[in-house]
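Colleague: I have a structure here, written as structure tokens, and I will follow up with some questions on it.
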Amino acid sequence: MKKTLLLLICFLQYAISFSQTLNGPESIEWDEANTRWLIGNKGNGTILARSESGTLSNFVNGIPSGPYGIEILGDVLYSCEGGFIRGYNLTSGSNVFTLNLNGTFLNGLTSDGDNFLYATDFTAKKIFKIDVNAVSFTTMASSLAKTPNGIIYDGENNRCVYVTWGSNAPIMAIDLTTNATSTILATTLNNCDGITRDSCGNYYVSSWGN
């Protein structure tokens, strides 16, 4: 019995230490309320918290698919997980939101800071709008000519800006009133993935190809 208990303790210690390492980190989000980074760790289905000193700890375990794009809205961290959007309370890490978008590969995620999330479906070439209060969604765009990936909300211009996959990948926008898509900038970049913006209005994108 003592030997079994000792083996169990050793296994649990190993499992905990293993899960608190980066394993296929996919997306990262700054948690201002708790002064930490939250990192989607798709290699083992976890979301990790990284303190300002660099210490990693578990925030969410046992995610069945992904996570890919993550986004804080209010006191919830939302996550793209296969065809689902799930939300986790920032204090407890408990699952407080689940919505099946019947998506194929939900990837990019952003919010308007109020009530709506916007998600890209990489494989199905769609963009969704999610009402977190009503726990419902609408399809804003489908059968897109370019594969959408990372996405960011641009309220000043009533649009979301998103990057695309493939060669010479354009940076594009979707109008939040008409749902019309347009090219903002043609590029020579290949396979663009993430996008963010600074306080001066400059955009930054990541590219796998270049």
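Colleague: Mean residue ellipticity at 222 nm from the helices of the chain, using -39,500 (n - 2.57) per DSSP H segment of n ≥ 4 over the full residue count, to the nearest 500 deg cm²/dmol? List each step's numbers first, then the result.
Modeller: On the way: 1 runs with 18 residues, N = 210.
Helix contribution divided over all residues of the chain: -3000 deg cm²/dmol.
Colleague: Ignoring ligands and nucleic acids, what accessible area does Cys160 show with a 1.4 Å probe (Å², nearest 10)?
Modeller: 0 Å²
Colleague: Leaving out ligands and nucleic acids, note down the accessible area per residue over segment 73-210 with a 1.4 angstrom probe, in whole Å².
Modeller: On the way: 6300 Å² over 138 residues.
Here the per-residue accessible area is 46 Å².
Colleague: Using a 1.4 Å probe and ignoring any ligands, DNA or RNA, find the accessible area of Glu29 and quote it in Å² to the nearest 10.
Modeller: Surface open to solvent at Glu29 totals about 40 Å².
Colleague: Now a separate question. At 0.36 nm per residue, and after removing the present C-alpha to C-alpha distance, how many nm does the segment from Glu156 to Asn179 gain when stretched out fully?
Modeller: In short, 6.7 nm is gained.
Colleague: Over the heavy atoms of Leu185, what accessible area does a 1.4 Å probe trace out, to the nearest 10 Å²?
Modeller: Roughly 90 Å² of Leu185 is accessible to a 1.4 Å probe.
Colleague: While we're looking at this one, here's another question. Is the shape of segment 60-115 best called rounded, prolate or oblate, per the rule: a/c under 1.5 gives rounded, else a/b larger than b/c gives prolate, else oblate, with a ≥ b ≥ c the square roots of the Cα gyration tensor eigenvalues? Mind showing how you got there, number by number?
Modeller: On the way: a/c = 1.86, a/b = 1.20, b/c = 1.55.
Judged from the Cα gyration tensor, segment 60-115 comes out oblate (a/c at least 1.5, b/c at or above a/b).
Colleague: Please find, in a Gaussian network model of the chain (springs between Cα atoms separated by less than 10 Å), the residue of Asn133, Asn107, Asn89 whose mean-square fluctuation is greatest.
Modeller: Maximum fluctuation in the GNM of the chain, among the listed residues, is at Asn133.
Colleague: Round to the nearest 10 and give me the degree value, 0 to 90, for the angle of helix 2-19's Cα axis relative to the longest principal axis of the chain.
Modeller: Rounded to the nearest ten degrees, it is 20.
Colleague: Could I ask something else about it? Using Cα springs under 10 Å in a Gaussian network model of the chain, which residue among Glu156, Glu26, Glu81 shows the largest mean-square fluctuation?
Modeller: Among Glu156, Glu26, Glu81, the largest mean-square fluctuation in the Gaussian network model of the chain belongs to Glu156.
Colleague: Here is a follow-up. Counting only protein heavy atoms and a 1.4 Å probe, tell me what percentage of segment 103-201's accessible area is made up of carbon and sulfur. Each step should come with its number before you reach the end.
Modeller: Working: 2000 of 4410 Å².
The computed percentage sits at 45.
Colleague: 5 Å is the cut-off here: which amide hydrogens, built 1.01 Å from N in the peptide plane, fall below it relative to Gly166, excluding neighbours closer than 5 in sequence?
Modeller: Here the answer is Asn191, Cys192, since their amide H atoms fall under 5 Å of that of Gly166.
Colleague: Report the normalised scattering of segment 65-187 as log10 I(q)/I(0) at q = 0.14 Å⁻¹, calculated by the Debye formula with identical scatterers on the alpha carbons.
Modeller: Values returned for q = 0.14 Å⁻¹ are -0.53.
Colleague: Across 10 Å bins from the origin, how do the percents of Cα pairs in the chain run, short distances first?
Modeller: That works out to 8, 33, 34, 17, 5, 2, 1, in percent per bin.
The values are calculated or read from the model by the stated rules, or taken from the named source; none is laboratory data. If you're wondering where the values come from, they're calculated on a predicted model, not measured in any experiment. The protein model used for the area step is the full one, side chains on, heavy atoms only, and it has no ligands, DNA or RNA in it. Shrake-Rupley method; radii C 1.70, N 1.55, O 1.52, S 1.80 Å.
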